[in-house]
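Have a look at the structure below before the remarks.
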Amino acid sequence: MTGSVMVTGGAGYIGSHAVLALLDAGIQVVVLDNLVTGFDWAVDSRATLVVADIEDDAAVRAAMRDHAVFAVMHFAGSVVVPESVENPLKYYRNNTAASRSLIESAVAEGVKHFIFSSTAATYGIPETVPVREDSPKQPINPYGMSKLMTEAMLADVAAAHAINYCALRYFNVAGADLQGRSGQSTAGATHLIKVAVEAATGKRASVSVFGTDFATPDGTGVRDYIHVTDLAAAHVDALQLLIDQPGESHTLNCGYGKGFSVLEVLDAVDRVTNMTIDRRMEGRRAGDPDALVADNAAILAALPWRPRHDDLDGIVRDALAWERKLAERV
Ligand SMILES: NC(=O)c1ccc[n+]([C@@H]2O[C@H](COP(=O)([O-])OP(=O)(O)OC[C@H]3O[C@@H](n4cnc5c(N)ncnc54)[C@H](O)[C@@H]3O)[C@@H](O)[C@H]2O)c1
């Protein structure tokens, strides 16, 4: 591949892992990130970091030109679901309007391929589980809607211009780079495994379990946890697919097709840490589905990608190793 891949949000959790996967595959990378939640130290030194907002057309287009960008992987965004309910316009600005601006820059600069971080939140409360890509999309929060709107833009843009795209709908992303080069570093994270390993390293006193009366075997919410390294690898394979089939675009679930309840995850954390993390039973949060598990038949058919780290204890172990490393940094 000649030229570079632009990774927006490459200083953040998932983006920094995609940067590693691209670099490890011998692909040149330019990261564009405004560092609102990301960290410059999270960007591998083999990549170029441009500190800019994706809405800054001049900076984005200059970076695309300077680095001969032929593909964009777009991770930049705002990611906290409850915050999107309190402040929807922030999400429609940063996830929808700013994405529109980035896509416009990409089209103007002749970028050929676009990979978008979408989410299982586009499905809302699924009617059937596991959920397929063609299941009804009825987001129940502005976060999910802000992402679905960007998917719709991409479909229209790919029909009108010489660009194809892959929207990857992530389920619950967890874990950290196996070589300890990156992990989830955001303060105040709300993801269960991150919160639990924070409790294991003494950053928190307990872990809240939101809802014990769901229609699941143990009453707690069931989710599909995907290792961030597997997710990053899916992006590299998706890029190759877009290159190989220029006229075609794709929307693919990214998950293992297997769900674990909150209590099963916390049992795994207790096993891995050899501790008993304090659990606080609390009421449901608004709009949490009982179960959200991917039907991953489409990604398995479209890409050579296969899950390699689909082991809950391993995911927890890697997240814990990173959390310990983070604790040493401060
Ligand atoms: N973490 C998950 O489980 C999950 C699930 C589904 C989808 N996603 C999506 O994956 C993407 C990455 O999420 P993450 O968990 O790594 O979050 P993160 O907050 O760690 O990373 C987001 C990055 O984007 C940057 N950023 C935000 N707005 C920007 C802007 N306007 N211009 C330039 N940079 C900007 C931030 O500084 C940060 O480095 C997001 O789009 C998110 O919606 C995440």
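FYI, it's all coordinate maths here, none of it is from the lab. Note that the structure is predicted; figures quoted are calculated from it, not measured. Here Cβ is always computed from backbone atoms with ideal geometry, including for glycine, and neighbour counts include all displayed protein chains.
Pairs of alpha-carbon atoms within less than 8 angstrom and 6+ residues apart define the contacts here; what relative contact order does the range 185-236 have, in percent?
Details: 23 pairs, mean separation 8.0, N = 52.
Once divided by the residue count of the range 185-236, the mean separation gives 15 percent.
Would you pull out the residues with amide H under 5 Å of Gly10's amide H, same chain only if 5 or more places away, H placed 1.01 Å from N?
Leu32
Relative to the present Cα-Cα distance, how much length would full extension add between Glu248 and Ser208 at 0.36 nm per residue of separation? Present the calculation step by step, with values, prior to reporting the outcome.
Values: separation 40, 0.36 × 40 = 14.40 nm, distance 4.34 nm.
Full extension from Glu248 to Ser208 adds 10.1 nm.
Where a ≥ b ≥ c are the square roots of the eigenvalues of the C-alpha gyration tensor, would you call the range 107-225 rounded, which needs a/c under 1.5, or, failing that, prolate if a/b is larger than b/c, or oblate?
Numbers: a/c = 2.78, a/b = 1.49, b/c = 1.87.
In terms of gyration-tensor shape, oblate.
Contour minus end-to-end for Trp41 and Arg284, with contour as 0.36 nm per residue of separation and end-to-end as the Cα-Cα distance?
83.8 nm
Return the percentage of antiparallel bridges among DSSP beta bridges fully within the chain, rounded to the nearest 5 %. Could the numbers behind the result be given before it?
Details: 2 of 43 bridges.
Once the DSSP bridges in the chain are tallied, antiparallel ones form about 5 percent.
If you build the convex hull over the alpha carbons only and average its shadow over all orientations, what do you get for the chain? Give it in nm² to one decimal. Could you put the intermediate results ahead of the total?
Numbers: hull surface 61.1 nm².
Taking the Cα atoms of the chain, their convex hull projects to 15.3 nm² on average.
Work out the length of the dipole vector of the chain about its Cα centre, built from +1 on the beta-carbon of each Lys and Arg and -1 on the beta-carbon of each Asp and Glu, and round it to the nearest 20 debye. List each step's numbers first, then the result.
Details: 28 positive and 41 negative charges, 78 e Å.
For this selection, approximately 380 debye.
Quick one: which residues, 5+ away or cross-chain, put their amide H under 5 Å from the amide H of Val173? H built at 1.01 Å from N.
Amide H to amide H, under 5 Å and 5 or more residues apart or across chains, Val173 pairs with Ile226.
Where does the chain land at 222 nm, in deg cm²/dmol rounded to the nearest 500, when only DSSP H runs of n ≥ 4 count, each adding -39500 (n - 2.57), divided by all residues?
Working: 11 runs with 124 residues, N = 330.
Result for the chain: -11500 deg cm²/dmol, rounded to the nearest 500.
Just to verify a number: FRET efficiency for Val107 and Ala298, C-beta to C-beta distance, R0 = 22 Å, to 0.05? Provide the component values of the computation, followed by the final result.
Working: r = 26 Å, r/R0 = 1.19.
E between Val107 and Ala298, to the nearest 0.05, is 0.25.
Among the trypsin sites (Lys or Arg not before Pro) in the range 40-119, which ones are in a DSSP loop with at most 15 other Cβ atoms within 10 Å of the Cβ? Mind listing them?
Passing both the DSSP loop test and the Cβ count: Arg46.
If you place +1 on the Cβ of every Lys and Arg and -1 on the Cβ of every Asp and Glu, how big does the dipole about the Cα centre of the range 1-93 come out, in debye to the nearest 20?
Details: 5 positive and 11 negative charges, 40 e Å.
Dipole about the Cα centre, nearest 20: 180 debye.
Taking Cα pairs under 8 Å and at least six residues apart, what relative contact order does the chain come out at, in percent?
Numbers: 688 pairs, mean separation 61.2, N = 330.
Relative contact order comes out at 19 percent.
Any idea how far apart Val51 and Ala155 come out in nm if each label point goes 7 Å out from Cα toward Cβ?
In this crude spin-label approximation the distance works out to 3.9 nm.
Among all stretches of the chain without exposed GluC sites (Glu not before Pro) (DSSP loop, at most 16 other Cβ atoms within 10 Å), which one is longest?
Free of exposed loop sites, the longest segment is 1-126.
Show the residues, 5+ positions off or on another chain, whose built amide H is closer than 5 Å to the amide H of Ala291.
Val222
Taking a cut-off of 30 Å between Cα atoms, list the lysines near Lys325, but don't count ones fewer than 8 places away on the same chain.
Candidates past the 8-residue exclusion: Lys194, Lys203, Lys258.
About its Cα centre, how strong a charge dipole does the range 98-241 have in debye, to the nearest 20, once Lys and Arg get +1 and Asp and Glu get -1 at the Cβ?
Result for the range 98-241 is approximately 360 debye, rounded to the nearest 20.
Can you pull the three principal axis extents for the Cα set of the range 1-100, in Å, largest first?
Reported extents, whole Å, longest axis first: 42, 25, 19.
Is the range 83-174 best put as rounded, prolate or oblate by its Cα gyration tensor, with a ≥ b ≥ c the root eigenvalues, rounded for a/c under 1.5, and otherwise prolate when a/b is larger than b/c, oblate when not? List each step's numbers first, then the result.
Values: a/c = 2.27, a/b = 1.41, b/c = 1.61.
Oblate.
For the range 211-315, what does the relative contact order come out to in percent, with C-alpha contacts under 8 Å and a separation of six or more? Mind showing how you got there, number by number?
On the way: 135 pairs, mean separation 45.0, N = 105.
Once normalised by length, the contact order is 43 percent.
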